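Read through the structure below, which is laid out as structure tokens, and then see the notes.
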Amino acid sequence: MIDLKEILINSNYKKETEELINIANLAYKYWETYWTGFNSTYVCEEILKDFENLNDFKFFIYGGFSSSQRSRIACFRGDSIPEEDALKNNFPAQGIKINGNFLFDNATQDDFRSLLIENGVNQSKVGDIWTIGDRGAQGIIDNLDIEHLDEKIFYLRDVKVKINVVGTDELQMPSGRTKKLVNTVEASTRLDAIASAGFRVSRTKIVERIENGMLRLNGSKVNKPTINLKIGDKLELENKGFIEILNLEMTKRERWKVKLLRK
């Protein structure tokens, strides 16, 4: 069994790490593959760093398609490693289509995700959600406890939508987000200034998201936009990916030249 306290001691993602420890113990005991719930792919990669020296276990990150922003971690014994194709083919998820006419009432990924959560789906069971023009959205969802959604009518604000549960092979998978260097000059190193520039979201909206707990700094939720950042800090904004601060340099005019990696 894994020493829970030893692993958790330095983790920035204690809830997610504890879940992985629990399924690792199951995988070791029953010689089967177990999966965590959905988390951001970046978080999955970060928490696995704490498990690198556990040779009795192996892990696999997957979210339903190669460039997914939300993924699950599969855990299995190191002496019983399944083929990657088998893991993908047995990935415990379904596709979901949310069809409606949003021509005059645009909706975002957050709106569609909230619709699912408000109708009984735990957040950890929802993978990527992406919009399909003005026709609604598609996404990846855990394959358990979703029968109540299939072929049902719901309302997103005033728009009537119909949800269909389908195979993931029936989805129009989104194009992947590529890594990008962002160079900007800001008046300060405040969280709201750098997050706004890095995620390409207005200052007002980024402050709202920070105050609503939608942004993580080095793995922890923060709600104060005035925090000053430093080189190496990593930001995660829900549904917007991640940015890492590569360099901060004061200019002659006492402004900050900021270099970011967005992924």
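Check region 169-181 and report whether any residue there is in a strand (DSSP E or B) and either in contact with a Phe, Trp or Tyr (Cβ under 9 Å, 6 or more places away or on another chain) or surrounded by 11 or more Cβ atoms within 10 Å (Cβ to Cβ) (or both). Yes, that holds for at least one residue. When residue 160 is tested against (1) of a type in the set (D, E, K, R); (2) out of contact with any strand residue (DSSP E or B) (no Cβ under 9 Å at 6 or more places or on another chain); (3) in a strand (DSSP E or B), exactly one condition is not met: (2).
Taking residue 18 as the residue in question, decide whether it is under 20 Å from the mean Cα position of the chain (by Cα) and either closer than 28 Å to residue 178 by Cα or outside the structural domain of residue 162 (by TED's automatic domain parsing) (or both). Considered against the rule, which asks whether it is under 20 Å from the mean Cα position of the chain (by Cα) and either closer than 28 Å to residue 178 by Cα or outside the structural domain of residue 162 (by TED's automatic domain parsing) (or both), residue 18 comes out as yes.
Would you check if there is a residue in region 98-120 being within 17 Å of the chain's Cα centre (by Cα), within 23 Å of residue 35 (Cα to Cα), in the same structural domain as residue 159 (by TED's automatic domain parsing) and outside any helix (DSSP H, G or I)? So far as region 98-120 goes, no, none of its residues is within 17 Å of the chain's Cα centre (by Cα), within 23 Å of residue 35 (Cα to Cα), in the same structural domain as residue 159 (by TED's automatic domain parsing) and outside any helix (DSSP H, G or I). Tell me whether region 59-67 contains one or more residues that are within 22 Å of the chain's Cα centre (by Cα), in the same structural domain as residue 163 (by TED's automatic domain parsing) and either closer than 25 Å to residue 243 by Cβ or not in a loop (DSSP other than H, G, I, E, B) (or both). Checking region 59-67: not a single residue is within 22 Å of the chain's Cα centre (by Cα), in the same structural domain as residue 163 (by TED's automatic domain parsing) and either closer than 25 Å to residue 243 by Cβ or not in a loop (DSSP other than H, G, I, E, B) (or both). Entry remark, region 152-168: residues being of a type outside the set (A, V, I, L, M, F, W, C), more than 12 Å from residue 141 (Cβ to Cβ) and either free of Cβ contacts under 8 Å to residues at least 12 places away in the same chain or touching an Asp or Glu at 6+ places or on another chain (Cβ under 8 Å) (or both) number 5 in total.
Taken over region 20-46, the residue count meeting the criterion of being farther than 20 Å from residue 64 by Cα, outside any loop (DSSP other than H, G, I, E, B) and not aliphatic (A, V, I, L, M) is 5.
Picking from 116, 54, which residue would you name as being without any contact (Cβ under 8 Å) to a residue 60 or more places away in the chain, within 20 Å of residue 30 (Cα to Cα), aliphatic (A, V, I, L, M) and surrounded by 13 or more Cβ atoms within 10 Å (Cβ to Cβ)?
Testing whether each residue is without any contact (Cβ under 8 Å) to a residue 60 or more places away in the chain, within 20 Å of residue 30 (Cα to Cα), aliphatic (A, V, I, L, M) and surrounded by 13 or more Cβ atoms within 10 Å (Cβ to Cβ) leaves just 54.
For region 74-97, a residue qualifies if it is part of a helix (DSSP H, G or I) and either loosely packed, with under 15 Cβ neighbours inside 10 Å or among the acidic types (Asp, Glu) (or both), and the qualifying residues are 84, 85, 86, 89. Residues in region 126-148 that are in a loop (DSSP other than H, G, I, E, B) and aliphatic (A, V, I, L, M): 132, 144, 146.
Exactly one residue out of 213, 232, 136 is on the phi > 0 side of the Ramachandran plot, crowded, with 19+ Cβ neighbours inside 10 Å and within 23 Å of the chain's Cα centre (by Cα), and it is 136. As a summary of the residue check, residue 149 satisfies the conditions (1) in contact with a Ser or Thr (Cβ under 9 Å, 6 or more places away or on another chain); (2) not assigned by TED's automatic domain parsing to the domain that holds residue 246 except for the one numbered (1). Every test in (1) modelled with pLDDT of 95 or more; (2) closer than 29 Å to residue 16 by Cα is passed by residue 180 save one, and that test is (1).
The values are calculated or read from the model by the stated rules, or taken from the named source; none is laboratory data. None of these values were measured; they are calculated from a predicted model. Backbone-built Cβ (ideal geometry, glycine too); neighbour counts: all protein chains shown.
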